[in-house]
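Below: one structure, written as structure tokens.
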Amino acid sequence: MTHKKYNPTWDGYMGDVLRGNVGINQLKPQHEFFDAIGLEKVLSDNTQYHIVLSLSEAKSIIEDISPRRPQNPSHGEAFARGTEAENPSYGEAFARGMEVDNNKKSPMSYVFSVTDPISTYAGNIYDSRSLYDVIREFKRLGITATEHIGENGRRYIHISGHAGLRRIIQGTRYCANHPQMLMMGIGQQGLNSSVIGGVRFCIIFSIGYRIIEGIFKDEYTLADFIGNITMDMAKTAIIAASSWAVGSLLTATALVGGSVVAVAGIVFLVGIGVAIGLDYLDKQYQISDKVIKYIKNEIDRKKRTPEANLQQIFNGLGNIR
């Protein structure tokens with residue numbers, strides 16, 4: 001419906017301008033959606049004027065306009081003193097002359113808060129499966145493994161106990177390099193194979209875990225990646241050497257009577273103990289942080305070639321016809 005005061009035609013809209021009655025910069029649109037529906041009056045009647053005398057009053061006005069979480073009675077006073085807390089809103093930060101950090105904590109940060117401490121003992125968790133298999137197979141401490149050299153010069157391992165009660169090791173005499181002996185970590189060659197397998201797992205796990213960190217962690221740099229892997233490899237080497245030395249000593253001297261379960265358990269506990277000790281020293285003296293800081297300083301000190309801008313490359317590929 002057209003208001004009687006307005007003429008919704010070109011003559012009604014631009015007539016005065018075309019006739020030269022008003023200048024081009026003095027045009028007053030004659031449109032039914034302005035004064036015809038009383039919009040100007042509505043805006044005029046709802047205009048509010050506020051005089052801000054203090055920061056607490058400004059805070060109160062902001063809360064009236066945009067109410068959020070309930071505030072305690074002294075909230076405005078705390079705001080005025082600049083003692084109010086954490087995560088200020090944009091209006092609060094603007095009134096204080098400070099910037100707002102709108103970055104929310106990544107959901108993955110909660111995952112890493114759990115996985116980071118566990119990752120230190122990934123190798124020990126891997127070895128626990130081997131210990132479980134040995135205990136499940138032999139069940140008793142009295143089962144011994146004695147290594148000797150046969151008439152043909154080959155090394156053999158004699159397993160005591162009743163072979164028929166076991167699931168996998170169903171014989172009493174095996175070559176030292178028999179797959180079942182290597183799988184169970186029995187004998188010197190079995191110990192060597194077990195240590196090598198654990199080191200291989202730790203290397204693969206460390207690289208994979210650090211790559212995941214680089215993808216999901218905020219502010220994770222190349223220096224962090226190199227430093228963390230370096231420390232992981234150093235810890236792995238020390239733990240593996242310690243476990244191998246203790247296992248070789250027990251195997252060669254039969255200090256625990258050659259008990260298969262006892263040797264496997266002691267080697268496992270030594271690995272855990274060394275891992276705990278290395279983790280304590282690392283945190284106590286901040287060795288990892290110092291290594292990462294040193295790498296960052298070296299990267300900044302040396303002249304670096306310009307890094308490729310992947311986003312720019314992808315945008316450029318999109319312009320190829």
Discussion item. Against the definition (within 20 Å of the chain's Cα centre (by Cα) and either surrounded by fewer than 16 Cβ atoms within 10 Å (Cβ to Cβ) or in a helix (DSSP H, G or I) (or both)), how does I196 come out, yes or no?
Written reply: no
Worksheet, complete the sentence: The lone condition A163 fails out of (1) within 29 Å of the chain's Cα centre (by Cα); (2) open to solvent by less than 30 Å² (accessible area, probe 1.4 Å) is (1)
Worksheet item: Looking at the stretch 234-247, is at least one residue open to solvent by less than 60 Å² (accessible area, probe 1.4 Å) and of a type in the set (D, E, K, R)?
Response: yes
Discussion item. Looking at the stretch 215-228, can you tell me whether even one residue there is open to solvent by less than 30 Å² (accessible area, probe 1.4 Å), among the β-branched types (V, I, T) and out of contact with any Phe, Trp or Tyr (no Cβ under 6 Å at 6 or more places or on another chain)?
Written reply: no
Worksheet, complete the sentence: Taking the stretch 130-146 and keeping only residues that are closer than 10 Å to I186 by Cβ and modelled with pLDDT under 90, one is left with none
Fill in: Qualifying residue in the stretch 245-265 (condition: under 25 Å from I207 (Cβ atoms), part of a helix (DSSP H, G or I) and touching a helix residue (DSSP H, G or I) at 6+ places or on another chain (Cβ under 6 Å))
no
Practice prompt. Check Y209 against each of (1) within 26 Å of V246 (Cα to Cα); (2) surrounded by 15 or more Cβ atoms within 10 Å (Cβ to Cβ) and name the one condition it does not meet.
Written response: (1)
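Rundown of residues vs (1) part of a helix (DSSP H, G or I); (2) open to solvent by 30 Å² or more (accessible area, probe 1.4 Å); (3) in contact with a Pro (Cβ under 9 Å, 6 or more places away or on another chain), yes/no style:
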site	(1), (2), (3)
D116	yes, yes, no
G123	yes, no, no
S128	yes, yes, no
V134	yes, no, no
E137	yes, no, no
T146	no, yes, no
I169	no, no, no
Q180	yes, yes, no
Q188	yes, yes, no
Fill in: Breaking point among (1) without any contact (Cβ under 8 Å) to a residue 40 or more places away in the chain; (2) surrounded by 19 or more Cβ atoms within 10 Å (Cβ to Cβ); (3) touching an Asp or Glu at 6+ places or on another chain (Cβ under 8 Å), for V274
(3)
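The values are calculated or read from the model by the stated rules, or taken from the named source; none is laboratory data. Bear in mind the structure is a predicted one, so any value in this text is a computation, not a measurement. Note: ideal-geometry Cβ built from the backbone for every residue, glycine included; neighbour counts use all protein chains shown. SASA here: full protein model, heavy atoms, side chains in, ligands and nucleic acids out. Shrake-Rupley method; radii C 1.70, N 1.55, O 1.52, S 1.80 Å.
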